[in-house]
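Participant: Handing you this structure, nothing more for now.
The values are calculated or read from the model by the stated rules, or taken from the named source; none is laboratory data. Note that the coordinates shown come from a computational prediction; the quantities given were computed from them, not determined experimentally. To get the accessible areas, we keep the full protein, side chains included, count just its heavy atoms, and leave off ligands, DNA and RNA. Shrake-Rupley method; radii C 1.70, N 1.55, O 1.52, S 1.80 Å.
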Amino acid sequence: RGVHPDRIAEARRCALAAKETETLASLFKAMGEPNRLRILWALAGGEMCVCDLAGLLAASESAVSHQLRLLRQLALVQNRRQGQVLYYQLGDNHIEILVRTALEHIRE
């Protein structure tokens, strides 16, 4: 069993930047919490307001808003205001792809 310097050098050359690694870890950490993952899955089906998400999760609107704030900070969701109501949707289609790909992986 020996060290393979060429493979190590290649891995270092292709390594992610520290900031990218931290951001990616934050994304997976956020997606790793069950209620946040339920929110993302629900939003993959279309836009929803906080009160509907709270009803889905059987949680308070305050608790759901807290989770949505974190998801928004990571650009996993975005919102729009219509009068007094905030509606949320996925930040972009990559989020749905990530969740669906992970789901396919665990179902194999």
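Participant: Which of the residues spanning the range 49-58 are at negative phi and open to solvent by 40 Å² or more (accessible area, probe 1.4 Å)?
Facilitator: Matches in the range 49-58: 51, 52, 55, 56.
Participant: Does residue 23 fit the bill of being among the β-branched types (Val, Ile, Thr) and at pLDDT 95 or above? Outline the logic, then answer.
Facilitator: Values: among the β-branched types (Val, Ile, Thr): yes; at pLDDT 95 or above: no.
No: the conditions fail for residue 23.
Participant: Residue 103: within 11 Å of the chain's Cα centre (by Cα), over 14 Å from residue 46 (Cα atoms) and either acidic (Asp, Glu) or in a helix (DSSP H, G or I) (or both), yes or no?
Facilitator: For residue 103, the condition - within 11 Å of the chain's Cα centre (by Cα), over 14 Å from residue 46 (Cα atoms) and either acidic (Asp, Glu) or in a helix (DSSP H, G or I) (or both) - is not met.
Participant: Pick from 100, 1: which is modelled with pLDDT of 95 or more and either basic (Lys, Arg) or open to solvent by less than 70 Å² (accessible area, probe 1.4 Å) (or both)? Break it down stepwise before answering.
Facilitator: Values: 1 fails: modelled with pLDDT of 95 or more.
Step by step, each of 100, 1 is checked, and only 100 is modelled with pLDDT of 95 or more and either basic (Lys, Arg) or open to solvent by less than 70 Å² (accessible area, probe 1.4 Å) (or both).
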